[in-house]
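Visitor: Starting off with a structure, shown below.
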Amino acid sequence: MTIKVRGYAAQQAKATLGPYSFERREPSDHDIVIDIGYCGICHTDIHQVGDEWGGSKFPMVPGHEITGTVLQVGPKVTRYKAGDRVGVGCFVNSCRKCGPCSKNLEQYCTEGMVTTYNGTEKDGTPTQGGYSNKIVVDENYVLSIPDNLPLDKAAPLLCAGITLYSPLVHWKAGPGKKVAIIGLGGIGHMGVKLAHALGAEVTVLSHSLKKQEDGKKLGADHFYATSDPATFEKLKGYFDLMINTVSAELDWNKYLDLLALDGAMVVVGIPEKEIPIGSYPLVAGRRSLAGSLIGGIKETQEMLNFCSKHNIASEIEVIPIQKVNEAYKRILASDVRYRFVIDIKSLEQN
């Protein structure tokens, strides 16, 4: 028997989200049924609902920062039991046999990861996300949430947290390394917390100084306004690693000049238009321009355990699902410190 589910969906591109009833598959041998408690709102949700990247499918139930408890398990599930605290991030399946999958890098699956929503399951059915009260996921794509992490504050870790943790670890942020986080928003604030906990010297590069106090509280050692031309003169050749969390169009060439010899700028935000890059800023300092996409299941679990050890969680504002459309507008106006999380139990008020 299929599982009846209630949620919020967009019926077409750029539509407001509203109540939506649908069905999930009956759990198979290795599936887990999760009673969703919270779901973070990611800027990706807004892009997908607006069909800004193309290929959006409707009706769409967004949400890929999911936390809750196990309600039911399939007969061959070994990793989880009813009542366990769990999470689901940006994908729910992959081919499991390509090179990246064999290295626990399922997000780079050569056949394409199956995204938590706006994707297609192996049986051809569309995936629907966490703005809903239940989800059915293969146990191999479910994360364990440590007991000391609140489920609401842990939800954004499953996208925002791993999006920053993965490049910080891959490019070896730590003691003696000078790390810059470009943009102090929903994912940027996690970069500051994580880089600080890894032992790096952390600098925030933000358009203005209005979030300077927040940045210092989150763990930043320095804070500079990129609207001030003096910033780019003072910091030339300074950073070993820069992580660009901004989706807005920036002159990446100016930022590349801030890298030290062999430094790297890693892009995790996706601008709508292509950014022109000159070769000189790269060759002048043997610098690298790279990208990074979330993280695999193994690394995401490592990130959650790291956050548990260092008492790191997202700075959030919890809202009822009835305010999701208002939250979208506030995100676009940069009016949130720093991540919205939906209390899914508010669905019962409909």
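The values are calculated or read from the model by the stated rules, or taken from the named source; none is laboratory data. Here the structure is a predicted model, which means the values were calculated and not measured. Neighbour counts are summed over all protein chains in view; Cβ atoms, including those assigned to glycine, are modelled from backbone coordinates with ideal geometry.
Visitor: Please go through the range 13-37 and pick out each residue that is touching a Lys or Arg at 6+ places or on another chain (Cβ under 9 Å) and either under 27 Å from Lys153 (Cβ atoms) or surrounded by 15 or more Cβ atoms within 10 Å (Cβ to Cβ) (or both).
Guide: Pro19, Tyr20, Phe22, Arg24, His30, Asp31, Ile32, Val33, Ile34, Asp35, Ile36, Gly37
Visitor: Looking at (1) in the same structural domain as Phe239 (by TED's automatic domain parsing); (2) closer than 19 Å to His64 by Cα, find the lone condition where Lys153 falls short.
Guide: (1)
Rundown of residues vs (1) in a strand (DSSP E or B); (2) farther than 20 Å from Tyr131 by Cα; (3) touching a strand residue (DSSP E or B) at 6+ places or on another chain (Cβ under 9 Å), yes/no style:
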residue: Lys14; (1), (2), (3): no, no, no
residue: Asp35; (1), (2), (3): yes, no, yes
residue: His64; (1), (2), (3): no, no, yes
residue: Pro75; (1), (2), (3): no, yes, no
residue: Pro100; (1), (2), (3): no, yes, no
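Visitor: Residue by residue through the range 331-345, note down the ones that are surrounded by 16 or more Cβ atoms within 10 Å (Cβ to Cβ) and assigned to a helix (DSSP H, G or I).
Guide: Those that are surrounded by 16 or more Cβ atoms within 10 Å (Cβ to Cβ) and assigned to a helix (DSSP H, G or I): Ile331, Ile344.
Visitor: Got a number for residues in the range 123-159 being in a loop (DSSP other than H, G, I, E, B), farther than 21 Å from Gln48 by Cα and not acidic (Asp, Glu)?
Guide: Residues meeting the conditions: 6.
Visitor: Restricting the first residue to the range 264-291 and requiring it to be crowded, with 18+ Cβ neighbours inside 10 Å, which pairs with a second residue that is in a loop (DSSP other than H, G, I, E, B) and among the acidic types (Asp, Glu) meet a Cβ separation below 7 Å and a spacing of at least six or different chains?
Guide: Once the first residue is crowded, with 18+ Cβ neighbours inside 10 Å and sits in the range 264-291, its partners that are in a loop (DSSP other than H, G, I, E, B) and among the acidic types (Asp, Glu) give Pro281/Asp257.
Visitor: Check whether at least one residue in the range 199-209 is within 26 Å of Glu106 (Cβ to Cβ), assigned to a loop (DSSP other than H, G, I, E, B) and touching a residue at least 12 places away in the same chain (Cβ under 8 Å), and report yes or no.
Guide: There is no residue in the range 199-209 that is within 26 Å of Glu106 (Cβ to Cβ), assigned to a loop (DSSP other than H, G, I, E, B) and touching a residue at least 12 places away in the same chain (Cβ under 8 Å).
Visitor: Would you pick out the residues in the range 20-79 that are aromatic (Phe, Trp, Tyr) and modelled with pLDDT under 95?
Guide: The answer is Trp53, and nothing else.
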